[in-house]
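Novice: Dropping the structure in here first, questions after.
Derivation of every value follows stated rules applied to the coordinates shown; laboratory data play no part. These numbers were taken from a predicted model, which means no experiment stands behind them. Here the Cβ is made from the backbone with ideal geometry for all residues, glycine too, and neighbour counts use every protein chain on show.
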Amino acid sequence: MPGGRVEPGESPTQAVVREVLEETGLVVVPTGLAGVVERPAPGGTYVIEDYVAAPAPDADASAVRAGDDADEVGWFSLAEVTALPCVDGLREALAEWRLLPR
């Protein structure tokens, strides 16, 4: 899943569009907040907002490519997603937010 920090002067949804473009080459339209998690960080806590997004109407979703900070990119079925290596807690959060089956 693409991700990164919100830059100064940038809204969270603008960060979503920028990060997905940088990491996949795909222009997206954020459609809503999926959920929020907090994770320990050096000197404090990271507050992570995850968004649902769809390809922009004029985007070529078949032309995704891995950016310089992504190992690979692709489209996956729900069954395939459950088999992918993920950071601790990601699948559980996605299931809690009803984006993956429990």
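Novice: Test Glu38 against the criterion of being assigned to a helix (DSSP H, G or I) and under 21 Å from Cys86 (Cβ atoms), and give yes or no. Give the steps one after another, and end with the answer.
Specialist: Values: assigned to a helix (DSSP H, G or I): no; under 21 Å from Cys86 (Cβ atoms): yes.
It is false that Glu38 is assigned to a helix (DSSP H, G or I) and under 21 Å from Cys86 (Cβ atoms).
Novice: For the subset of region 9-33 comprising residues that are part of a strand (DSSP E or B) and not polar (S, T, N, Q), which member is surrounded by the fewest Cβ atoms within 10 Å (Cβ to Cβ)? Don't jump to the end; show me each part of the working.
Specialist: Within region 9-33, the subset part of a strand (DSSP E or B) is 28-33.
Still in the list and also not polar (S, T, N, Q): 28-30, 32-33.
Details: Val28: 21, Val29: 13, Pro30: 18, Gly32: 8, Leu33: 14.
The qualifying residue surrounded by the fewest Cβ atoms within 10 Å (Cβ to Cβ) is Gly32.
Novice: Could you tell me how many of the residues in region 33-71 are of a type outside the set (A, V, I, L, M) and within 12 Å of the chain's Cα centre (by Cα)? Even if it seems obvious, please write down each step before you answer.
Specialist: Narrowing region 33-71 to residues of a type outside the set (A, V, I, L, M): 35, 38-40, 42-46, 49-51, 55, 57-58, 60, 62, 65, 67-69, 71.
Retained after the next criterion (residues that are within 12 Å of the chain's Cα centre (by Cα)): 35, 49-51.
Within region 33-71, residues that are of a type outside the set (A, V, I, L, M) and within 12 Å of the chain's Cα centre (by Cα) number 4.
Novice: Anything in region 59-80 that is under 21 Å from Leu21 (Cα atoms) and in a helix (DSSP H, G or I)? List them, or say none.
Specialist: Ala61, Ser62, Ala63
Novice: Report, ordered by the first and then the second residue, all pairs with beta carbons closer than 7 Å, sequence separation of six or more or different chains, a first member in region 80-101 that is closer than 16 Å to Gly3 by Cα, and a second member that is surrounded by 13 or more Cβ atoms within 10 Å (Cβ to Cβ) and small (Gly, Ala, Ser).
Specialist: Short answer, once both residue conditions are applied: Ala93/Gly35.
Novice: Another question, then. Name the single residue that is farthest from Pro12 (Cα to Cα) among those in region 34-47 being surrounded by fewer than 14 Cβ atoms within 10 Å (Cβ to Cβ) and of a type in the set (A, V, I, L, M, F, W, C).
Specialist: Ala41
Novice: Return yes when Val52 is without any contact (Cβ under 8 Å) to a residue 40 or more places away in the chain and either hydroxyl-bearing (Ser, Thr, Tyr) or on the phi < 0 side of the Ramachandran plot (or both) and no when it is not. Don't jump to the end; show me each part of the working.
Specialist: Details: without any contact (Cβ under 8 Å) to a residue 40 or more places away in the chain: no; either hydroxyl-bearing (Ser, Thr, Tyr) or on the phi < 0 side of the Ramachandran plot (or both): yes.
So Val52 does not fit the description; no.
Novice: Could you please find all residues in region 81-102 being at negative phi, part of a loop (DSSP other than H, G, I, E, B) and not aliphatic (A, V, I, L, M)? Break it down stepwise before answering.
Specialist: At the first step, the residues of region 81-102 found to be at negative phi are 81-88, 90-97, 99-102.
Checking the rest, the ones that are also part of a loop (DSSP other than H, G, I, E, B) come to 84-88, 97, 99-102.
Within region 81-102, Pro85, Cys86, Asp88, Trp97, Pro101, Arg102 meet the criteria.
Novice: Note down all Cβ pairs under 8 Å where the first residue falls in region 1-28 and is closer than 23 Å to Leu78 by Cα, the second is among the aromatic types (Phe, Trp, Tyr) and buried (at least 16 other Cβ atoms within 10 Å of the Cβ), and they're at least six residues apart or on different chains.
Specialist: From region 1-28, the pairs are Val16/Tyr51.
Novice: Further question: Filter region 56-98 for residues that are among the small types (Gly, Ala, Ser) and surrounded by 13 or more Cβ atoms within 10 Å (Cβ to Cβ) and give the result. Please lay out each step first, then the result.
Specialist: Of the residues in region 56-98, the ones among the small types (Gly, Ala, Ser) are 56, 59, 61-63, 66-67, 70, 74, 77, 79, 83, 89, 93, 95.
Scanning region 56-98 gives Ala56, Ala59, Ala61, Ala66, Gly67, Ala70, Ala93, Ala95.
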